[in-house]
Amino acid sequence: MKSDFLQAYKTMLLMRLAEQEIANLYLQNKIMSFVHFYVGQEAVAVGVCDALKKDDKVLGNHRSHGHYLAKGGDLKKMICELLGKENGLAHGKGGSMHMIDKSVNFVGTTPILGSVVPLSCGSAFEQKYSKKNDVTVAFFGDGAFEEGIVYETLNLAALFKLPLLFVVENNLFAVNSKLNDRRSPNYDIEKIVTGFGVKYVRADGNDYQDVSKKAKNLVEEVRTGVPVVLECITYRHMAHSAPIFDEGYREEDVLEKRQEKDPIKKIKQVLLESGMSEKELSDVEDDIKKNVLESIKFAMDSKYPPKESLYTNLYA
Ligand SMILES: Cc1ncc(C[n+]2csc(CCOP(=O)(O)OP(=O)(O)O)c2C)c(N)n1
């Protein structure tokens, strides 16, 4: 059990330290596309992906660095993509919001809000139709949940009994817009979901233990053709996009609350209580930091795509 937690801590810390360095690259104008940081939400991606097998498929949204790394993705290839380099995940042509890596069954990320949901439905339909024993997971936010296509897909998932896990990362905001400013006072996600015949479970998205325990049970149920919405309540620590620190619009998730509920702090505490020392954990952190810096160097030294490839691998 301790080794599970240690592995989860390492993956969460990798995401955090990598994004801190990515923020620096962004501030140095090395990244030419939008970047949406996952800092604060790490427990969701790791808790859910820990419950998956390699053949299970994952799709994400505009905020998917964490989803990709949790599915076993390659940090070097990811940073190359962010820097527009040829050996990036989409040969440097997609950037942060268009990542794809079939080698780990990371089907892709789509930044058009809600669009990940019908694509995931297609993936789950194929798995069911081909009688595979695999599941598809779609990660998306509370804002995306309000897109009409999500409701259509909930209906189809229930109708066809698809092995589809919808993970709604509710970080309380869509850009700077609060839930109460967007939803009718009667809006009840559980009632909406169960109204379609899809199972609904809520988890504390700031707590790896809670997410992973629930995800492990749910994924096995999803595998049998029971579609589920797992809503994870979490905090996005940084601004919507880019490392800007505007606190003006935040009320519920003020800085002190975000720090207090930090998922990495929490899992570190579990490891300390299980007998690991501060020194052991700081060695772990040093190794991860080294890996992150090596990956950045690799990406910085990598080539941009050649001019001749300007029109290849493009779909419109
Ligand atoms: C159809 C569509 N409308 C608007 C946008 C612009 N947009 C990008 S992210 C975002 C908010 C997303 O909120 P949420 O789904 O909760 O995810 P979060 O950013 O909080 O992780 C918006 C409105 C978009 N990408 N697609």
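Things to note:
- When Thr109, Thr136 are checked against the criterion of being among the hydroxyl-bearing types (Ser, Thr, Tyr) and within 16 Å of the ligand (Cβ to nearest atom), Thr109 stands alone in meeting it.
- Filter result for the condition that a residue is closer than 17 Å to Ser241 by Cβ and either surrounded by 20 or more Cβ atoms within 10 Å (Cβ to Cβ) or not acidic (Asp, Glu) (or both), over Gly66, Gly72: Gly66
Residues are listed down the side, and each one gets a yes or a no for (1) without any contact (Cβ under 8 Å) to a residue 24 or more places away in the chain; (2) assigned to a helix (DSSP H, G or I):
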| residue | (1), (2) |
| --- | --- |
| Lys265 | yes, yes |
| Val284 | no, yes |
| Lys289 | no, yes |
| Phe298 | no, yes |
| Tyr304 | no, no |
| Tyr311 | yes, no |
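- For first residues located in segment 56-69 and over 21 Å from Gln20 (Cβ atoms), partners that are open to solvent by less than 10 Å² (accessible area, probe 1.4 Å) and in a loop (DSSP other than H, G, I, E, B) and lie 6+ apart or on another chain with Cβ distances below 6 Å form the pairs Asp56/Val135.
- Number of positions in segment 32-51 that are within 14 Å of the chain's Cα centre (by Cα) and either of a type in the set (Lys, Arg) or open to solvent by 30 Å² or more (accessible area, probe 1.4 Å) (or both): 1
- Any hit, segment 152-163, residues being surrounded by fewer than 20 Cβ atoms within 10 Å (Cβ to Cβ), under 26 Å from Met97 (Cα atoms) and not small (Gly, Ala, Ser): yes
- Lys77 free of Cβ contacts under 8 Å to residues at least 60 places away in the same chain, among the charged types (D, E, K, R), away from the ligand (no atom under 11 Å from the Cβ) and buried (at least 23 other Cβ atoms within 10 Å of the Cβ): no
- Among the residues of segment 114-133, those identified as away from the ligand (no atom under 16 Å from the Cβ) and either in a helix (DSSP H, G or I) or of a type in the set (Phe, Trp, Tyr) (or both) are Cys121, Gly122, Ser123, Ala124, Phe125, Glu126, Gln127, Lys128, Tyr129.
- Single unsatisfied condition, Asn176 versus (1) over 22 Å from Lys71 (Cα atoms); (2) at pLDDT 95 or above: (2)
Every residue, every condition in (1) touching a residue at least 60 places away in the same chain (Cβ under 8 Å); (2) under 17 Å from Ser120 (Cα atoms), yes or no:
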{"site": "Val168", "(1), (2)": "yes, yes"}
{"site": "Ser177", "(1), (2)": "no, no"}
{"site": "Lys191", "(1), (2)": "no, no"}
{"site": "Gln209", "(1), (2)": "yes, no"}
{"site": "Lys216", "(1), (2)": "yes, no"}
{"site": "Arg223", "(1), (2)": "yes, yes"}
{"site": "Tyr235", "(1), (2)": "yes, no"}
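- Single residue of Thr224, Thr234 found to be closer than 30 Å to Lys161 by Cα, open to solvent by 60 Å² or more (accessible area, probe 1.4 Å) and modelled with pLDDT of 95 or more: Thr224
The values are calculated or read from the model by the stated rules, or taken from the named source; none is laboratory data. Please read all numbers here as calculations on a predicted model, not as lab measurements. FYI the Cβ positions are ideal-geometry reconstructions off the backbone, even for glycines, and counts take in every protein chain you see. Ligands, DNA and RNA are excluded from the accessible area calculation, which covers all protein heavy atoms including side chains. Shrake-Rupley method; radii C 1.70, N 1.55, O 1.52, S 1.80 Å.
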